[in-house]
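The values are calculated or read from the model by the stated rules, or taken from the named source; none is laboratory data. This is a predicted model, so every value here is computed, not measured. Every residue, glycine as well, gets a Cβ built from its backbone with ideal geometry; the counts of neighbours run over all protein chains shown.
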Amino acid sequence: MAKNIKALKRGMQFFSVVLMLLAFVGSIQAAETINLKLSYPVPSTGMIGQAYEYFATAVKEESQGQVVVQTYPSASLVSDREALDAVRKGNVDIAHNMVAYSTQTIKELTPLEVPGAYLASNYSLIHEKVDPIVQKIYAKYGVRFLGSYNPGTLTFDAAKKVKKVIKSPDDMKGLSIRSYGKWPSEAIMGWGGTPTTVPLGDVTVALDRGTISVIMTGWIIADSFKIHEQAPYITFLDIATPYQGLIMSEKAWSQLNDQQKEAVGRAVKRWQSYAEQILNESLEKYKQTLKNAGGTGYFLSKEENSAFLKVVDPIMEKVKQISGPGGEELIRVLADLR
(Lines give C-alpha, C1' and ligand atoms only; values in the text may rest on other atoms or scores of the structure.)
Protein backbone atom coordinates (compact mmCIF):
# COMPACT_ATOMS: atom_id res chain seq x y z
CA MET A 1 0.00 0.00 0.00
CA ALA A 2 2.81 2.39 0.98
CA LYS A 3 4.58 1.68 -2.32
CA ASN A 4 1.42 2.51 -4.23
CA ILE A 5 1.06 5.81 -2.38
CA LYS A 6 4.69 6.73 -3.12
CA ALA A 7 4.21 5.83 -6.76
CA LEU A 8 1.07 7.94 -6.90
CA LYS A 9 2.92 10.90 -5.37
CA ARG A 10 5.75 10.55 -7.87
CA GLY A 11 3.21 10.43 -10.68
CA MET A 12 1.48 13.56 -9.41
CA GLN A 13 4.82 15.36 -9.08
CA PHE A 14 5.74 14.36 -12.65
CA PHE A 15 2.35 15.53 -13.90
CA SER A 16 2.78 18.85 -12.11
CA VAL A 17 6.20 19.34 -13.71
CA VAL A 18 4.72 18.58 -17.13
CA LEU A 19 1.96 21.13 -16.57
CA MET A 20 4.50 23.74 -15.50
CA LEU A 21 6.61 23.06 -18.58
CA LEU A 22 3.57 23.34 -20.86
CA ALA A 23 2.59 26.60 -19.19
CA PHE A 24 6.15 27.91 -19.60
CA VAL A 25 6.25 26.97 -23.28
CA GLY A 26 2.84 28.53 -23.79
CA SER A 27 4.00 31.77 -22.16
CA ILE A 28 7.06 31.85 -24.45
CA GLN A 29 4.88 31.35 -27.52
CA ALA A 30 2.53 34.11 -26.35
CA ALA A 31 5.48 36.44 -25.76
CA GLU A 32 6.74 35.77 -29.28
CA THR A 33 3.60 37.28 -30.81
CA ILE A 34 4.29 40.98 -31.32
CA ASN A 35 1.38 43.22 -32.22
CA LEU A 36 2.15 46.37 -34.21
CA LYS A 37 -0.06 49.27 -35.28
CA LEU A 38 0.20 50.64 -38.84
CA SER A 39 -1.36 54.01 -39.68
CA TYR A 40 -1.98 55.27 -43.20
CA PRO A 41 -3.99 58.28 -44.44
CA VAL A 42 -6.22 56.94 -47.22
CA PRO A 43 -9.16 54.50 -47.44
CA SER A 44 -8.33 50.80 -47.52
CA THR A 45 -10.17 50.34 -50.81
CA GLY A 46 -7.77 52.42 -52.93
CA MET A 47 -4.46 51.25 -54.34
CA ILE A 48 -2.37 52.60 -51.46
CA GLY A 49 -4.75 51.08 -48.95
CA GLN A 50 -4.72 47.72 -50.72
CA ALA A 51 -0.92 47.75 -50.72
CA TYR A 52 -0.71 48.43 -47.00
CA GLU A 53 -3.26 45.76 -46.20
CA TYR A 54 -1.12 43.40 -48.28
CA PHE A 55 1.94 44.46 -46.28
CA ALA A 56 0.18 43.54 -43.03
CA THR A 57 -0.68 40.11 -44.42
CA ALA A 58 2.87 39.62 -45.71
CA VAL A 59 4.39 40.41 -42.30
CA LYS A 60 2.20 37.82 -40.63
CA GLU A 61 3.03 35.22 -43.26
CA GLU A 62 6.75 35.88 -43.36
CA SER A 63 7.02 35.84 -39.56
CA GLN A 64 4.82 32.73 -39.30
CA GLY A 65 2.40 34.61 -37.10
CA GLN A 66 5.00 35.94 -34.68
CA VAL A 67 4.46 39.54 -35.82
CA VAL A 68 0.92 40.78 -36.40
CA VAL A 69 0.20 44.20 -37.93
CA GLN A 70 -3.12 45.90 -37.19
CA THR A 71 -3.95 48.54 -39.83
CA TYR A 72 -5.61 51.89 -39.26
CA PRO A 73 -6.71 53.39 -42.61
CA SER A 74 -8.09 56.86 -43.36
CA ALA A 75 -5.91 58.53 -40.70
CA SER A 76 -8.01 56.88 -38.00
CA LEU A 77 -4.95 56.60 -35.74
CA VAL A 78 -2.84 59.65 -36.66
CA SER A 79 -2.82 62.15 -39.51
CA ASP A 80 -0.04 62.56 -42.07
CA ARG A 81 1.22 65.61 -40.19
CA GLU A 82 1.37 63.72 -36.90
CA ALA A 83 2.90 60.52 -38.23
CA LEU A 84 6.61 61.34 -37.92
CA ASP A 85 6.40 62.64 -34.35
CA ALA A 86 4.17 59.74 -33.32
CA VAL A 87 6.67 57.21 -34.68
CA ARG A 88 9.67 59.02 -33.19
CA LYS A 89 8.02 58.95 -29.77
CA GLY A 90 7.05 55.30 -30.17
CA ASN A 91 3.32 56.06 -29.88
CA VAL A 92 2.74 54.52 -33.32
CA ASP A 93 4.72 51.50 -34.47
CA ILE A 94 4.60 51.89 -38.26
CA ALA A 95 3.23 54.70 -40.40
CA HIS A 96 2.93 55.93 -43.93
CA ASN A 97 5.18 58.94 -44.24
CA MET A 98 5.28 61.55 -46.98
CA VAL A 99 8.34 63.80 -46.99
CA ALA A 100 6.18 66.92 -47.41
CA TYR A 101 5.02 66.42 -43.83
CA SER A 102 8.50 65.63 -42.48
CA THR A 103 10.83 68.26 -43.89
CA GLN A 104 10.18 70.77 -41.13
CA THR A 105 11.96 68.31 -38.85
CA ILE A 106 14.22 66.46 -41.30
CA LYS A 107 15.68 69.16 -43.56
CA GLU A 108 17.90 66.67 -45.41
CA LEU A 109 14.82 65.20 -47.08
CA THR A 110 13.75 68.52 -48.59
CA PRO A 111 14.99 67.76 -52.16
CA LEU A 112 12.45 64.92 -52.34
CA GLU A 113 9.64 67.39 -51.72
CA VAL A 114 10.29 69.33 -54.92
CA PRO A 115 7.85 68.42 -57.74
CA GLY A 116 9.90 67.09 -60.64
CA ALA A 117 12.81 65.99 -58.44
CA TYR A 118 12.53 62.66 -60.23
CA LEU A 119 10.48 61.25 -63.07
CA ALA A 120 7.79 58.67 -62.52
CA SER A 121 9.10 56.73 -65.52
CA ASN A 122 12.45 56.33 -63.73
CA TYR A 123 11.03 55.08 -60.46
CA SER A 124 12.57 51.63 -60.81
CA LEU A 125 15.93 53.21 -59.89
CA ILE A 126 14.66 54.93 -56.76
CA HIS A 127 14.81 51.83 -54.56
CA GLU A 128 18.40 51.24 -55.60
CA LYS A 129 19.80 54.78 -55.63
CA VAL A 130 17.69 56.84 -53.24
CA ASP A 131 16.29 54.55 -50.54
CA PRO A 132 19.71 53.79 -48.95
CA ILE A 133 20.42 57.52 -48.57
CA VAL A 134 16.99 58.12 -47.09
CA GLN A 135 17.47 55.29 -44.63
CA LYS A 136 20.68 56.90 -43.34
CA ILE A 137 18.94 60.26 -42.97
CA TYR A 138 15.96 58.88 -41.02
CA ALA A 139 18.31 56.92 -38.75
CA LYS A 140 19.82 60.19 -37.53
CA TYR A 141 16.38 61.06 -36.16
CA GLY A 142 15.76 57.75 -34.42
CA VAL A 143 13.45 56.36 -37.09
CA ARG A 144 13.72 53.11 -39.02
CA PHE A 145 12.95 53.67 -42.71
CA LEU A 146 11.53 50.42 -44.08
CA GLY A 147 11.26 51.39 -47.74
CA SER A 148 9.54 53.50 -50.38
CA TYR A 149 7.05 52.46 -53.00
CA ASN A 150 5.95 53.74 -56.38
CA PRO A 151 2.99 56.05 -55.70
CA GLY A 152 2.24 56.84 -59.33
CA THR A 153 2.34 60.14 -61.18
CA LEU A 154 1.41 63.65 -60.21
CA THR A 155 -1.83 65.09 -61.59
CA PHE A 156 -3.45 68.49 -61.93
CA ASP A 157 -7.17 68.09 -61.29
CA ALA A 158 -9.00 71.14 -62.62
CA ALA A 159 -12.45 72.07 -61.34
CA LYS A 160 -15.48 72.28 -63.60
CA LYS A 161 -15.30 76.08 -63.72
CA VAL A 162 -11.80 75.88 -65.29
CA LYS A 163 -13.34 74.06 -68.27
CA LYS A 164 -10.05 72.62 -69.57
CA VAL A 165 -7.11 70.38 -68.75
CA ILE A 166 -3.78 71.96 -67.84
CA LYS A 167 -1.30 71.38 -70.67
CA SER A 168 1.34 74.03 -69.99
CA PRO A 169 2.43 76.41 -67.25
CA ASP A 170 0.63 79.18 -69.16
CA ASP A 171 -2.65 77.39 -68.44
CA MET A 172 -2.06 77.80 -64.70
CA LYS A 173 -1.74 81.57 -64.67
CA GLY A 174 -4.34 83.24 -62.49
CA LEU A 175 -5.54 79.94 -60.97
CA SER A 176 -5.48 78.98 -57.30
CA ILE A 177 -3.63 75.65 -57.08
CA ARG A 178 -3.77 73.29 -54.12
CA SER A 179 -0.32 72.86 -52.60
CA TYR A 180 0.92 70.58 -49.84
CA GLY A 181 4.00 72.47 -48.64
CA LYS A 182 6.58 75.19 -49.23
CA TRP A 183 8.45 73.65 -52.16
CA PRO A 184 5.40 72.54 -54.14
CA SER A 185 4.26 76.13 -53.65
CA GLU A 186 7.56 77.33 -55.14
CA ALA A 187 6.94 75.15 -58.18
CA ILE A 188 3.37 76.42 -58.55
CA MET A 189 4.58 80.01 -58.46
CA GLY A 190 7.25 79.11 -61.02
CA TRP A 191 4.48 77.82 -63.26
CA GLY A 192 2.47 81.02 -62.82
CA GLY A 193 -0.23 79.76 -60.47
CA THR A 194 -1.21 80.88 -56.98
CA PRO A 195 -0.47 78.24 -54.34
CA THR A 196 -2.93 77.54 -51.53
CA THR A 197 -1.92 74.97 -48.94
CA VAL A 198 -4.83 72.63 -48.24
CA PRO A 199 -4.61 69.37 -46.24
CA LEU A 200 -5.61 66.28 -48.16
CA GLY A 201 -8.76 65.74 -46.11
CA ASP A 202 -10.02 69.25 -46.89
CA VAL A 203 -9.65 69.33 -50.67
CA THR A 204 -13.27 68.49 -51.48
CA VAL A 205 -14.53 71.24 -49.17
CA ALA A 206 -12.04 73.69 -50.67
CA LEU A 207 -13.33 72.84 -54.14
CA ASP A 208 -16.93 73.32 -53.01
CA ARG A 209 -16.10 76.73 -51.56
CA GLY A 210 -14.07 77.77 -54.59
CA THR A 211 -10.95 78.25 -52.48
CA ILE A 212 -8.96 76.33 -55.09
CA SER A 213 -9.43 75.79 -58.80
CA VAL A 214 -6.88 73.03 -59.35
CA ILE A 215 -5.69 70.24 -57.07
CA MET A 216 -2.10 69.09 -57.37
CA THR A 217 -1.88 65.54 -56.08
CA GLY A 218 -1.24 61.97 -57.21
CA TRP A 219 -3.80 60.24 -59.39
CA ILE A 220 -4.05 57.44 -56.83
CA ILE A 221 -5.11 59.95 -54.18
CA ALA A 222 -7.49 61.58 -56.63
CA ASP A 223 -9.02 58.19 -57.34
CA SER A 224 -9.32 57.27 -53.66
CA PHE A 225 -11.07 60.53 -52.80
CA LYS A 226 -13.14 60.64 -56.02
CA ILE A 227 -11.83 64.13 -56.74
CA HIS A 228 -12.83 63.77 -60.40
CA GLU A 229 -16.45 64.24 -59.38
CA GLN A 230 -15.69 67.89 -58.63
CA ALA A 231 -12.57 68.36 -60.74
CA PRO A 232 -13.08 66.34 -63.94
CA TYR A 233 -10.20 67.75 -66.03
CA ILE A 234 -7.20 65.56 -65.17
CA THR A 235 -3.63 66.13 -66.39
CA PHE A 236 -1.16 63.27 -65.92
CA LEU A 237 2.51 64.32 -65.72
CA ASP A 238 5.67 62.25 -65.92
CA ILE A 239 6.52 63.57 -62.48
CA ALA A 240 6.36 61.24 -59.53
CA THR A 241 4.21 62.20 -56.57
CA PRO A 242 6.17 63.12 -53.43
CA TYR A 243 8.50 60.47 -52.11
CA GLN A 244 6.79 58.39 -49.47
CA GLY A 245 7.07 55.07 -47.73
CA LEU A 246 6.96 53.25 -44.43
CA ILE A 247 8.69 54.36 -41.25
CA MET A 248 8.91 52.36 -38.04
CA SER A 249 9.72 53.38 -34.50
CA GLU A 250 13.02 52.17 -33.10
CA LYS A 251 11.09 51.14 -30.00
CA ALA A 252 8.99 48.72 -32.08
CA TRP A 253 11.96 47.60 -34.19
CA SER A 254 13.97 46.74 -31.07
CA GLN A 255 11.22 44.34 -29.95
CA LEU A 256 11.94 42.11 -32.92
CA ASN A 257 14.59 39.41 -32.92
CA ASP A 258 16.87 38.95 -35.91
CA GLN A 259 14.58 36.41 -37.60
CA GLN A 260 11.56 38.68 -37.18
CA LYS A 261 13.46 41.65 -38.57
CA GLU A 262 14.39 39.58 -41.61
CA ALA A 263 10.74 38.59 -41.96
CA VAL A 264 9.69 42.26 -41.98
CA GLY A 265 12.37 42.95 -44.59
CA ARG A 266 10.95 40.23 -46.83
CA ALA A 267 7.46 41.61 -46.31
CA VAL A 268 8.67 45.07 -47.37
CA LYS A 269 10.01 43.68 -50.65
CA ARG A 270 6.74 41.82 -51.27
CA TRP A 271 4.77 44.98 -50.55
CA GLN A 272 6.90 47.03 -52.96
CA SER A 273 6.51 44.42 -55.70
CA TYR A 274 2.77 44.19 -55.10
CA ALA A 275 2.39 47.98 -55.30
CA GLU A 276 4.20 47.95 -58.66
CA GLN A 277 2.07 45.06 -59.85
CA ILE A 278 -1.25 46.76 -59.24
CA LEU A 279 -0.14 50.24 -60.29
CA ASN A 280 -0.77 49.83 -64.01
CA GLU A 281 -3.89 47.79 -63.42
CA SER A 282 -5.27 50.50 -61.14
CA LEU A 283 -4.41 53.21 -63.67
CA GLU A 284 -6.37 51.45 -66.38
CA LYS A 285 -9.34 51.20 -64.02
CA TYR A 286 -9.03 54.87 -63.13
CA LYS A 287 -8.99 55.91 -66.79
CA GLN A 288 -12.20 53.94 -67.26
CA THR A 289 -13.67 55.56 -64.16
CA LEU A 290 -12.91 58.98 -65.61
CA LYS A 291 -14.52 58.03 -68.90
CA ASN A 292 -17.63 56.68 -67.21
CA ALA A 293 -17.93 59.83 -65.12
CA GLY A 294 -17.58 62.08 -68.15
CA GLY A 295 -14.16 63.33 -67.09
CA THR A 296 -11.15 64.06 -69.26
CA GLY A 297 -7.73 62.49 -68.78
CA TYR A 298 -4.77 64.00 -70.62
CA PHE A 299 -1.21 62.62 -70.60
CA LEU A 300 1.48 65.19 -71.26
CA SER A 301 3.95 64.54 -74.05
CA LYS A 302 7.66 64.51 -73.23
CA GLU A 303 8.01 68.06 -74.55
CA GLU A 304 4.99 69.30 -72.58
CA ASN A 305 6.31 67.62 -69.45
CA SER A 306 9.71 69.28 -69.91
CA ALA A 307 8.11 72.71 -69.66
CA PHE A 308 7.10 71.91 -66.08
CA LEU A 309 10.55 70.55 -65.22
CA LYS A 310 12.27 73.87 -65.94
CA VAL A 311 11.51 75.09 -62.42
CA VAL A 312 13.32 72.17 -60.71
CA ASP A 313 16.97 73.27 -60.86
CA PRO A 314 16.34 76.84 -59.61
CA ILE A 315 14.34 75.44 -56.70
CA MET A 316 17.07 72.92 -55.88
CA GLU A 317 19.58 75.77 -55.60
CA LYS A 318 17.41 77.20 -52.83
CA VAL A 319 17.02 73.79 -51.23
CA LYS A 320 20.81 73.37 -51.02
CA GLN A 321 20.94 76.26 -48.57
CA ILE A 322 18.96 74.38 -45.93
CA SER A 323 19.30 70.66 -46.60
CA GLY A 324 22.89 70.06 -45.52
CA PRO A 325 25.30 67.36 -46.81
CA GLY A 326 22.60 64.68 -46.82
CA GLY A 327 20.37 66.89 -48.94
CA GLU A 328 23.18 67.70 -51.34
CA GLU A 329 23.87 64.01 -51.80
CA LEU A 330 20.22 63.48 -52.67
CA ILE A 331 20.24 66.39 -55.11
CA ARG A 332 23.23 64.93 -56.98
CA VAL A 333 21.65 61.48 -57.23
CA LEU A 334 18.25 62.86 -58.26
CA ALA A 335 19.81 65.03 -60.98
CA ASP A 336 21.45 61.91 -62.45
CA LEU A 337 18.11 60.10 -62.45
CA ARG A 338 16.31 63.01 -64.08
Within segment 117-131, considering residues that are in contact with a Leu (Cβ under 6 Å, 6 or more places away or on another chain) and part of a helix (DSSP H, G or I), the one modelled with the lowest pLDDT
N122
Would you mind stating whether A83 is part of a helix (DSSP H, G or I), in contact with a strand residue (DSSP E or B) (Cβ under 7 Å, 6 or more places away or on another chain) and surrounded by fewer than 22 Cβ atoms within 10 Å (Cβ to Cβ)?
no
Scan of segment 314-338 for residues that are charged (D, E, K, R) and either more than 13 Å from W183 (Cβ to Cβ) or in contact with a strand residue (DSSP E or B) (Cβ under 9 Å, 6 or more places away or on another chain) (or both), ordered by number
E328, E329, R332, D336, R338
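Quick grid of which residues meet (1) closer than 22 Å to G201 by Cα; (2) assigned to a helix (DSSP H, G or I):
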site: V69; (1), (2): no, no
site: A75; (1), (2): yes, no
site: P111; (1), (2): no, yes
site: P115; (1), (2): yes, no
site: I137; (1), (2): no, yes
site: R144; (1), (2): no, no
site: F156; (1), (2): yes, no
Which condition breaks for Y123 when tested against (1) among the aromatic types (F, W, Y); (2) under 23 Å from F308 (Cα atoms); (3) more than 15 Å from the chain's Cα centre (by Cα)?
(3)
So, first residue on the phi > 0 side of the Ramachandran plot in segment 59-77, second residue in a loop (DSSP other than H, G, I, E, B) and surrounded by 18 or more Cβ atoms within 10 Å (Cβ to Cβ), Cβ within less than 9 Å, six or more apart or across chains; the pairs are S74/Y40; S74/P41; S74/V42; A75/Y40; A75/P41; A75/V42
For segment 86-109, which positions are in a helix (DSSP H, G or I) and under 23 Å from S224 (Cα atoms)?
V99, A100, Y101
Test of understanding: among L21, L36, which residue is modelled with pLDDT of 95 or more and either over 18 Å from F225 (Cα atoms) or of a type outside the set (K, R) (or both)?
L36
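The rows are residues; the columns are (1) on the phi < 0 side of the Ramachandran plot; (2) surrounded by 14 or more Cβ atoms within 10 Å (Cβ to Cβ); (3) under 21 Å from the mean Cα position of the chain (by Cα).
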{"site": "A267", "(1), (2), (3)": "yes, yes, yes"}
{"site": "N280", "(1), (2), (3)": "yes, no, yes"}
{"site": "E303", "(1), (2), (3)": "yes, no, no"}
{"site": "Q321", "(1), (2), (3)": "yes, no, no"}
Inspect segment 105-116 for any residue being within 19 Å of G181 (Cβ to Cβ), in contact with a strand residue (DSSP E or B) (Cβ under 7 Å, 6 or more places away or on another chain) and crowded, with 23+ Cβ neighbours inside 10 Å and give the result as yes or no.
yes
Among the residues of segment 213-231 satisfying the criterion of being of a type in the set (S, T, N, Q) and farther than 18 Å from M47 by Cβ, which is surrounded by the most Cβ atoms within 10 Å (Cβ to Cβ)?
S213
Confirm whether G210 is over 30 Å from V92 (Cβ atoms) and surrounded by fewer than 22 Cβ atoms within 10 Å (Cβ to Cβ).
yes
Being surrounded by fewer than 22 Cβ atoms within 10 Å (Cβ to Cβ) and without any contact (Cβ under 8 Å) to a residue 40 or more places away in the chain is the filter here, so list the residues in segment 146-181 that pass it.
D170, D171, K173, G174, L175, S176
Pairs only if they're at least six apart or on different chains, beta carbon under 9 angstrom, first in segment 302-325 and among the basic types (K, R), second surrounded by fewer than 19 Cβ atoms within 10 Å (Cβ to Cβ); list them, first residue then second.
K310/P169; K310/G190; K320/E328
If we take segment 177-279, then strands (runs of 3 or more DSSP E) inside it with 1 or more residues that are closer than 20 Å to S102 by Cα and hydrophobic (A, V, I, L, M, F, W, C) are 214-218, 233-240, 244-249
Can you tell me which of V203, V143, V134 is crowded, with 19+ Cβ neighbours inside 10 Å and modelled with pLDDT under 95?
V203
